[in-house]
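Starting off with a structure, shown below.
The values are calculated or read from the model by the stated rules, or taken from the named source; none is laboratory data. All of these numbers come straight from a predicted model, not from anything done at the bench. Accessible surface areas use protein heavy atoms only, side chains included; no ligands, DNA or RNA. Shrake-Rupley method; radii C 1.70, N 1.55, O 1.52, S 1.80 Å.
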Amino acid sequence: MSGPKESTRTGSRFLIAGMLAALGSSACCVGPLVLLVLGISGSWIGSLTALEPYRPIFIGLTLLFLTWAFHRLYLARQVCTPGSACANPRTLKRQRVLFWIVTILSLGLIAIPWLAPLFY
C-alpha cells in the first residue's frame, strides 16, 4: 500500500501525463502556429503535421490520465496519517483547483485543431 506522500505524487503525475498527452495531441497544429507567431517561417513547417495520425492516441491518453486523476482526487478514499501533507484539507483543495486548471487547458489544446481554422 502506498503512503500518503506517494499518493500525492502519483496524483500529480497523472495530471502532468495528461497535460503532456494533450500537448502531443495538438502539436501538429499548435507547433506551426507558435512558430509563425514567433516569426519563424519556412517550407519545413508543413512537415510538422507528421504527428497528425497519432492525434487520436494522444487524445485517448489525455482523457485516460485526466479520468484517473479525477478518480484519485474525488472518488478514491485517501488514507492519511495525522500531520502528513494529505491530511491538510488545503492540500486537497489546491490539488483539485490544479486539476481543473489542467483539465481546461488540456481540453483547450485538444480543441485547437478544430478551432484554429476559424482564425486563419
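With a 1.4 Å probe and every protein chain kept in, tell me what percent of the accessible surface of region 48-120 is carbon plus sulfur. Could you put the intermediate results ahead of the total?
On the way: 3870 of 5250 Å².
Summing carbon and sulfur atoms, their accessible area is 74 percent of the total for region 48-120.
How large is the accessible surface of residue 107 in square angstrom, using a 1.4 angstrom probe and rounding to the nearest 10?
Residue 107 exposes around 90 Å² with every protein chain in place.
Could you work out the percent of alpha carbon pairs in region 45-120 separated by over 15 Å, rounded to a whole number? List each step's numbers first, then the result.
On the way: 1939 of 2850 pairs.
Pairs farther apart than 15 Å: 68 percent.
Here is a further query. What list of ³J(HN,Hα) values in whole Hz, one per residue of region 79-91 in order, does the Karplus curve 6.51 cos²θ - 1.76 cosθ + 1.60 (θ = phi - 60°) give from phi, with Gly and Pro shown as x?
Once θ is set to phi - 60°, the couplings for region 79-91 become 9, 10, 7, x, x, 7, 5, 6, 6, 7, x, 5, 5 Hz.
Further question on the same structure: Apply the Karplus parameterisation 6.51 cos²θ - 1.76 cosθ + 1.60, with θ equal to phi minus 60°, to every residue of region 20-25 and state each ³J(HN,Hα) to the nearest whole Hz, in sequence, with x for glycine and proline.
5, 5, 5, 4, x, 6
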